[in-house]
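*Asks:* Here's a structure for you.
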Amino acid sequence: TFSAWAFVSRRIRRLLPALCAMLCGSIVISTRFESWLAEQWRTQSTALVALFSFSNIWFLVDKIDYFSPSNEFNLLLHTWSLSVEEQFYVAFALIAPLISFLVRIQKIRKSHVRALLAVFVLISAIIFIRLTSHPLSPPTGVSIKSFGKILLNPFYGIVSRSWEFGAGILVALGPVVQRKMANTVSGLSLIALFVVMRLWPSSTSGNHWLNLAAVVSAAGICMRRVETKHSDGHSAPNRLFALLVSIGDRSYSLYLWHWPFLVIVSRYSRLDREIQLAIAWTMTAVVADLSYRCIERQFMRTRQVAPYTTRRVLLFSWSSVIGVFLVAWLIFTPLLQSRSGLRNAYVDHGCDPWTQPCPRGPIENGVLLLVGDSHAMAVSEAIYNVANEFNLGVILRAHKWLDPQEISTFSR
């Protein structure tokens, strides 16, 4: 049997509080470190959209290219995948009771369910592969055609991404396996995935250690399907098994916090990339463990614990993010804007980036830069380095550039 509300309620109690903690933290971090000119508004609006699991549609309709340089500093870019996940499980919660009812009255068998799910996974994977090579034109306006393009988008769309979640459900529906078999399969899968990551063209320039960490987390989740007890009923001790399961338990918090810390460390430090990754992942591991212990595990308790009922969790989580959003959107960011960015200018010392140039540092012949959002910062930094190397005098006035083509043309 399957209860849609019980399924949704359990996901809300476990997932929503940790997500809201990350969204609130990202808004606070944004007001401290990001430019008020465009970035803080973007982070705040994205947090509000991500709260209701629509950030994938937000990024797609807003034509935010996931791989564009400007998104390297987007604190909440990774929430698109969480939105796809929740949209899939909402659909799952609506369909599963019907399937459960048909199985209960013996209209269909469980083997039929697995077969249909396997076909669905195959069709979704074919759509994903096909549209990745031959993408559709961007959606325009409000129409059925645009809605279909959103669903079928190979990166942000729920239909072309459903094969990933369907594969997970197939694993959950499968029988529990013995540990010896699980160790063999996990080891072979780990080797195969690592080989694919090394040979797949889109992964050659990526961070393989990050991909490998995701594989290890997935292994910890799958290990939950392993028989872990001896015939006498006592748990079999295995440190590697316990470590993988522990990582799997914390995988959600690890995913929530990894991108904000990577953005912060890469943006505000001049260290080598390997050192930046080590610092970012250390911070992520510490905060993710605290999030799992203090938030996830506490809110996963049964409904017998009165303070943690689903409705109260929903009300508290939504109100916390909306409250922080309103404070930042209506008070803090406008206050910084009224002060002309005195606290957020990307220069050696404070100045007014709207009315007078900001000295970027003492060099021969002088280089004066007027900077604003992340786009202007990136262009200003590049031009400053060139001017400094060749002893050129430059005065640059760049602010609030939101069109990537304009930035590209100016850079050339």
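FYI, it's all coordinate maths here, none of it is from the lab. Note that the coordinates shown come from a computational prediction; the quantities given were computed from them, not determined experimentally. Virtual Cβ from ideal backbone geometry, glycine too; neighbours counted across all protein chains shown.
*Asks:* Between A172 and T140, 0.36 nm times their residue separation minus their Cα-Cα distance comes to what?
*Replies:* 7.7 nm
*Asks:* Ordered by residue, what ³J(HN,Hα) values in Hz, to whole numbers, does segment 240-250 give under the Karplus form 6.51 cos²θ - 1.76 cosθ + 1.60, where θ = phi - 60° and Gly and Pro are x?
*Replies:* Karplus values, whole Hz, x for Gly and Pro: 5, 4, 5, 5, 5, 5, 5, 5, x, 4, 9.
*Asks:* Would you please name the chymotrypsin sites (Phe, Trp or Tyr not before Pro) within segment 249-338 that are DSSP coil residues with at most 13 other C-beta atoms within 10 Å of their C-beta? Display every interim value, and only then the final one.
*Replies:* Numbers: sites: Y252, Y255, W257, F261, Y268, W281, Y292, F299, Y308, F316, W318, F325, W329, F332; in loops: Y268.
Passing sites in segment 249-338 are Y268.
*Asks:* Moving on. Could you compute the FRET efficiency for R114 and L330, with r as their C-beta to C-beta distance and R0 at 45 Å, rounded to 0.05? Write down the numbers at each step before the final one.
*Replies:* On the way: r = 51 Å, r/R0 = 1.14.
For R0 = 45 Å, the calculated efficiency reads 0.30.
*Asks:* Still on this structure, I have one more. Across segment 65-153, how large is the tail of the calculated P(r) beyond 20 Å, expressed as a percent of all Cα pairs?
*Replies:* When every Cα pair of segment 65-153 is considered, 58 percent fall beyond 20 Å.
*Asks:* Indicate the gyration tensor shape class of segment 1-143 (rounded, prolate or oblate), computed on the Cα atoms with a ≥ b ≥ c the square roots of the eigenvalues: a/c under 1.5 is rounded; otherwise a/b larger than b/c is prolate and the rest oblate.
*Replies:* Because a/c hits 1.5 or more and a/b fails to exceed b/c, segment 1-143 counts as oblate.
*Asks:* Taking the Cα centre of segment 1-142 as the origin and placing charges on Cβ (Lys, Arg +1; Asp, Glu -1), which of P139, V90, T43 is farthest toward the positive end of the dipole?
*Replies:* Checking the options against the dipole of segment 1-142, the answer is V90.
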